[in-house]
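The values are calculated or read from the model by the stated rules, or taken from the named source; none is laboratory data. Everything numeric in this text was worked out from a predicted model, so none of it was measured. All Cβ positions, glycine included, derive from the backbone under ideal geometry; neighbour counts span all protein chains shown.
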Amino acid sequence: MTHGTIAGMLLSDLILGRPNPYYELYDPGRLKLMTTGAKLITQNIHIAETLIRGRLSRPEKLTPLDVGEAKVAEIDDREAAVYKDDRGEIHALSPVCTHMGCIVSWNNAERSWDCPCHGSRFNFDGKILHCPTVKKLEKRQI
């Protein structure tokens with residue numbers, strides 16, 4: 001169910017005075033700015049720091065990878081998110097998340113490229129596993 005559909009159901013129920021199971025979840029009064037505002041600011045500062053840190057740091061030059069290993073490395077003066085699959089094939093992608101531009105990092109447990117800023121996740125080949133991004137990671141030639 002999309003948020004638009006839920007909004008329509010909520011508005012209809014509010015107008016007709018009927019209870020709605022989504023009311024508390026979408027109630028604008030559920031957030032208390034004075035108590036949640038500091039947390040919101042702190043989280044957004046962390047996202048900005050992560051974005052800037054990722055853009056200012058330079059990765060190391062690519063060295064041989066073991067099977068199943070991945071890292072962000074420099075290849076021919078360009079950054080790449082590089083993964084060596086179980087067959088020994090190398091997959092290289094842009095390490096820049098297509099959502100907001102943060103640099104992804106490898107999640108070894110899930111075998112995915114994860115964005116530290118907003119949680120987008122991509123498989124080893126750049127396909128989207130989890131939003132908010134709507135575009136896959138760009139492939140890089142090595």
So PHE122 fits all but one of (1) under 20 Å from ARG140 (Cα atoms); (2) free of Cβ contacts under 8 Å to residues at least 40 places away in the same chain; (3) out of contact with any strand residue (DSSP E or B) (no Cβ under 9 Å at 6 or more places or on another chain); what number is the exception? (3)
Could you tell me whether the range 39-48 includes any residue that is in contact (Cβ under 8 Å) with a residue 60 or more places away in the chain, surrounded by 11 or more Cβ atoms within 10 Å (Cβ to Cβ) and not assigned by TED's automatic domain parsing to the domain that holds GLY126? yes
One residue is enough: does the range 82-102 have a residue meeting the conditions without any contact (Cβ under 8 Å) to a residue 40 or more places away in the chain and over 25 Å from ASN123 (Cβ atoms)? no
Of all residues in the range 74-91, how many are touching a strand residue (DSSP E or B) at 6+ places or on another chain (Cβ under 7 Å), over 15 Å from GLU60 (Cβ atoms) and not aromatic (Phe, Trp, Tyr)? 4
Residue that is over 30 Å from LEU11 (Cβ atoms), touching a Leu at 6+ places or on another chain (Cβ under 9 Å) and at pLDDT below 95, where the choices are ILE45, ILE75, ILE41: ILE75
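Grab the strands (runs of 3 or more DSSP E) fully contained in the range 41-105, keeping just those with 2 or more residues being touching a Gly at 6+ places or on another chain (Cβ under 9 Å).
By residue number, 78-84, 90-93.
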